[in-house]
């Protein structure tokens, strides 16, 4: 690697060590966790937005969760155990998103769902636990959105 490429890497902002450790743990878990594999291979992951922040939804066993890859999940394990630092083991949703990205096995609504639909998915997942809008977007077409 040339000096110029090295300089570019040095200028890139680096994630805090705890976040880097979480991302590495999610990548490892993606390789070994059967729940993560089942979620990814079962197409239970949906990319909602691509930029500037990539947002995903995970169709969980008990609820739908909002995921920012390698950074955050709205599931109880992440919110109550990982975020406060009680454990460094990420939830299987973060690992499943990593695996889905690697394999390409996910529903992709990024750039196709309207902003209103994405907002509805997030609000429903957080307040109700399940998103009817998400299911409509995936399975029933899109009357309001741009899919």
Cα gyration tensor shape for the stretch 80-120, rounded if a/c is under 1.5, else prolate or oblate = oblate
task = Figure the gain on full extension for residue 105 and residue 18 (residue separation times 0.36 nm, minus the Cα-Cα span) and round it to one decimal in nm.
result = 28.5 nm
inquiry  = As a footprinting exposure proxy, order 49, 127, 87 by other Cβ within 10 Å, with the fewest listed first.
reply    = 127, 87, 49
note = Subtracting the Cα-Cα distance of residue 32 and residue 87 from 0.36 nm times their residue separation yields 18.0 nm
request  = Would you kindly state how much longer the chain becomes between residue 115 and residue 127 on full extension, computed as 0.36 nm times their sequence separation minus their alpha carbon distance, in nm to one decimal?
outcome  = 2.5 nm
remark   = Here the relative contact order (percent) of the stretch 65-147, from C-alpha pairs under 8 Å and at least 6 apart, is 26 percent
query = Given only helices, namely DSSP H runs of n ≥ 4 each adding -39500 (n - 2.57), what is the per-residue ellipticity at 222 nm of the chain, to the nearest 500 deg cm²/dmol?
reply = -13500 deg cm²/dmol
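Coordinate-derived values only; no laboratory data. Note that the structure is predicted; figures quoted are calculated from it, not measured. Positions of Cβ are backbone-derived with ideal geometry, glycine not excepted, and every protein chain shown enters the neighbour counts.
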